[in-house]
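I have placed the structure first, in the form of structure tokens, so that the comments after it can refer back to it.
The values are calculated or read from the model by the stated rules, or taken from the named source; none is laboratory data. Source: prediction; values computed, not measured. Here the Cβ positions follow ideal geometry from the backbone for every residue, glycine too, while neighbour counts run over all protein chains shown. Just so you know, the surface numbers come from the protein's heavy atoms only, side chains and all, with ligands and any DNA or RNA stripped out. Shrake-Rupley method; radii C 1.70, N 1.55, O 1.52, S 1.80 Å.
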Amino acid sequence: MCKVQDAGISHNSFPYLASRMADFLLRSRSDSTVSKYFYSFKRWEKFIVSKGGCALPASPIHVALYLTDLLDSGSSDSVITSALYGIKWVHKTCDLQDPTDNAFVLNLVEAAKRFAVKSVKKKQPVTADMLKILCAKYSTSTDLLVIRDLCMILLSFCGFLRYDEISSLRCNDVQIFDSYFILKITKSKTDQYRKGNEVPISKGTTIACPLRMVQRYLELSKQTCSSNKYLFRPVFRSGHTCALIHKDKFLSYTRARECILGRLKEVAGDLDLGLHSMRAGGATEAANSGVNDRCWKRHGRWKSDRSKDGYVADSMECRLMVSRNLNL
């Protein structure tokens, strides 16, 4: 970062303003992106310092040799790309010449896309029938842990929610009406400027009705929609008592994955599932049911058609419609 003396004038407030400027510059990217870039740069720094070189400012040929080392060690395309953007970000933030604009560096990144590609195996989507069977199995349950898991599953499926979206929900982000409810999404991967999003979810007609499940969960957990605490928190057991912890702490990714996939395995058999299986399942169900394309794209908060289409597993009936309409 530039020094305060570089401003050309001296004033008592400048050290404070310089510190605040640094804070704001770091906020030009989301926290998760800054963290990713920072650790990518630290890995580069460790490599080049061990070779007797300088990490900042970096020499383009040194960066090219670093990427070559990553390729030789079998690193994936994403690791190579993260290294590139981590080095680029630090240099641009410090107003230094970007070494990643070099032709050697750019061509090595392209080489990584060809030779370091690992096959992507997408998780399979959850179906509505699975959720109906699961909810029917626990239709009379009063176990808070079970109902919390079912509520997270149904909201993820019906709202096309990513895990970070559902884990960030607070009680006052839920507005309940007679025939539907609204989820206020304050934190989203596609909402970098935190403008917020609202996802309306209709009342269902089956045992897997998301509205009834939310009401059931709120009643069992003794929460109200006026509370500012996280909606889904860890659960503790003590004797015959089962309740949410009092600390305002959201459920960790590891624990949520363990709980949710454990429930889904009860009805999904050998399907390869992940936390994204609910988002993909909801999108697939909507697309194959003929829901307006623009509406379900907006519902899932996708920015592009390419992104949303990657979530849909077209049914055989939908795929056969193409050849049926060829007038042969």
Residues located in the stretch 266-314, provided they are open to solvent by 40 Å² or more (accessible area, probe 1.4 Å), of a type in the set (Ser, Thr, Tyr) and closer than 18 Å to LYS123 by Cβ: SER307, TYR311
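From the list TYR193, TYR253, pick out the single residue that is among the hydroxyl-bearing types (Ser, Thr, Tyr), closer than 27 Å to LYS123 by Cα and at pLDDT below 95. Lay out the reasoning, then the answer.
Working: TYR193 fails: closer than 27 Å to LYS123 by Cα.
Every option except TYR253 fails the conditions.
Just to check your reading of the model, which residue among THR241, THR224, THR205, THR186 is within 30 Å of SER28 (Cβ to Cβ), of a type in the set (Ser, Thr, Tyr), out of contact with any Lys or Arg (no Cβ under 6 Å at 6 or more places or on another chain) and without any contact (Cβ under 8 Å) to a residue 60 or more places away in the chain?
Of the residues listed, the single one that is within 30 Å of SER28 (Cβ to Cβ), of a type in the set (Ser, Thr, Tyr), out of contact with any Lys or Arg (no Cβ under 6 Å at 6 or more places or on another chain) and without any contact (Cβ under 8 Å) to a residue 60 or more places away in the chain is THR186.
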Unique match (being touching a residue at least 40 places away in the same chain (Cβ under 8 Å), closer than 25 Å to ILE133 by Cβ and small (Gly, Ala, Ser)) among GLY281, GLY269: GLY281
Filtered residues of the stretch 74-83 (kept if over 15 Å from TYR39 (Cα atoms) and in contact with a helix residue (DSSP H, G or I) (Cβ under 9 Å, 6 or more places away or on another chain)): SER75, SER76, ASP77
Members of the stretch 192-224 found to be open to solvent by 50 Å² or more (accessible area, probe 1.4 Å), of a type outside the set (Ser, Thr, Tyr) and within 30 Å of LYS303 (Cβ to Cβ), listed by number: GLN192, ARG194, LYS195, ASN197, GLU198, PRO200, LYS203
Leading residue by the ranking (farthest from TYR37 (Cα to Cα)) among those in the stretch 49-63 that are touching a residue at least 40 places away in the same chain (Cβ under 8 Å) and surrounded by fewer than 16 Cβ atoms within 10 Å (Cβ to Cβ): ILE61
Flag if LEU218 is at pLDDT below 90 and among the hydrophobic types (A, V, I, L, M, F, W, C): no
Count of the stretch 240-265 residues which are within 19 Å of the chain's Cα centre (by Cα) and open to solvent by 70 Å² or more (accessible area, probe 1.4 Å): 7
Pairs with Cβ under 6 Å, 6+ apart, first in the stretch 64-82 and open to solvent by 20 Å² or more (accessible area, probe 1.4 Å), second of a type outside the set (Phe, Trp, Tyr) and part of a loop (DSSP other than H, G, I, E, B): SER76/ALA116; SER76/LYS118; ASP77/ALA116; ASP77/VAL117
Qualifying positions in the stretch 103-154 - aromatic (Phe, Trp, Tyr) and closer than 30 Å to GLU165 by Cβ: TYR138
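With respect to ARG298, is the statement that it is modelled with pLDDT under 90 and under 17 Å from the mean Cα position of the chain (by Cα) true?
When the stated conditions are applied, ARG298 passes them.
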